[in-house]
Amino acid sequence: MFERLRSVFARSQEPVHIQGIATPAQLALWAAAQRWSFDFQGEPARFQLSGTVVGQPWLLESGSPTRDYLKGTELRARTDPHATPDASVMVISRTLKEVLEGRVYGAITETLQTAVDESLPQEMRWLAMYEEVQWPELPPSFIRLFAVVGDRKEQARRWINAAVVSHLLGSRSAEQAALPLVLMLSGGQLSLRMQTMDCYLPDLEYATTLLMAAATVAAQKLPPASDSGPATLPPG
């Protein structure tokens, strides 16, 4: 994968770092090669990438973590594939699921709550509300690394199909795959957040291809939203 990325920078005067770290100039060149927009925001880890998928805009942001379970740099992306708004499905890295479930349990027992606190992040509320779902086609390697959580198994099964599973598994090492990742379809809108390093090209390619694959499958395999609406980004 990185060799393919390296070829994009053959015209650049700056060599890509052997570990996959790129400069803002190299990121801009890479984005232009994909016909995406790149917006550098003054710090090496702060930038935005944007493009379109299934006729809808998508946005990926790199910056400081907005969740305390993420360390270093966070990639967060979103798009609106205009899928049915009643689909509630989340893919979460299994190590992160175990950590957040412990937090949810602690929050409930310490405060003697009988309902999930709305102040908790959505991914934590969903872990309290929904069960993990599995089906025979999910490979053991996927189940070891990820969990699928949702309110309707049939919707999860249609969305997390072989193409999305393949993109999630990717070619990442076991250590990389264990890092926090949340891919969520909620209210017809798709979001992704994951932990990365500053300007780490392999993770940028992983995140963008995963987002576009997940959006394409959602648009094709799930019922469409009754109101297609304009091509706009969902709220961040």
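The table below gives the values:
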item	result
Where GLN189 falls short, out of the listed (1) more than 26 Å from ASP151 (Cβ to Cβ); (2) in contact with a Pro (Cβ under 6 Å, 6 or more places away or on another chain)	(1)
Selection count, the range 185-216, where residues are of a type outside the set (D, E, K, R) and open to solvent by 10 Å² or more (accessible area, probe 1.4 Å)	14
GLN113 in a loop (DSSP other than H, G, I, E, B), under 21 Å from GLU175 (Cα atoms) and modelled with pLDDT under 95	no
Where a residue in the range 88-99 is farther than 16 Å from TRP135 by Cα and its partner, wherever it lies, is acidic (Asp, Glu) and surrounded by fewer than 23 Cβ atoms within 10 Å (Cβ to Cβ), with Cβ under 6 Å and at least six apart	SER88/ASP151
Candidates ALA31, ALA77, filtered to the one that is of a type in the set (Gly, Ala, Ser), within 23 Å of GLN176 (Cβ to Cβ), assigned to a helix (DSSP H, G or I) and at pLDDT 95 or above	ALA31
The range 40-68: number of residues that are over 17 Å from the mean Cα position of the chain (by Cα), at pLDDT 95 or above and under 30 Å from ARG103 (Cα atoms)	1
Among (1) in contact with a Ser or Thr (Cβ under 9 Å, 6 or more places away or on another chain); (2) more than 20 Å from PRO235 (Cα to Cα); (3) not small (Gly, Ala, Ser), the one test that ASP68 misses	(1)
Some residue of the range 136-153 being within 23 Å of LEU60 (Cβ to Cβ), within 15 Å of the chain's Cα centre (by Cα) and part of a helix (DSSP H, G or I)	yes
The range 142-168, residues that are open to solvent by less than 40 Å² (accessible area, probe 1.4 Å) and either at pLDDT below 95 or more than 18 Å from MET212 (Cβ to Cβ) (or both)	PHE142, PHE146, ALA147, VAL148, VAL149, GLY150, GLN155, ALA156
Hits in the range 165-202 (condition: outside any loop (DSSP other than H, G, I, E, B) and closer than 18 Å to THR66 by Cα)	LEU181, VAL182, LEU183, MET184, LEU190, SER191, LEU192, ARG193, MET194, GLN195, THR196
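Here's the yes/no breakdown for (1) surrounded by fewer than 15 Cβ atoms within 10 Å (Cβ to Cβ); (2) at pLDDT 90 or above; (3) not in a helix (DSSP H, G or I):
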| position | (1), (2), (3) |
| --- | --- |
| PRO15 | yes, no, yes |
| GLN19 | yes, no, yes |
| ARG35 | yes, yes, yes |
| PHE38 | no, yes, yes |
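The values are calculated or read from the model by the stated rules, or taken from the named source; none is laboratory data. Predicted model only: the values in this text are computed from it and were never measured. For neighbour counting, all protein chains shown are included, and Cβ atoms are generated from backbone atoms with ideal geometry for every residue, glycine included. The protein model used for the area step is the full one, side chains on, heavy atoms only, and it has no ligands, DNA or RNA in it. Shrake-Rupley method; radii C 1.70, N 1.55, O 1.52, S 1.80 Å.
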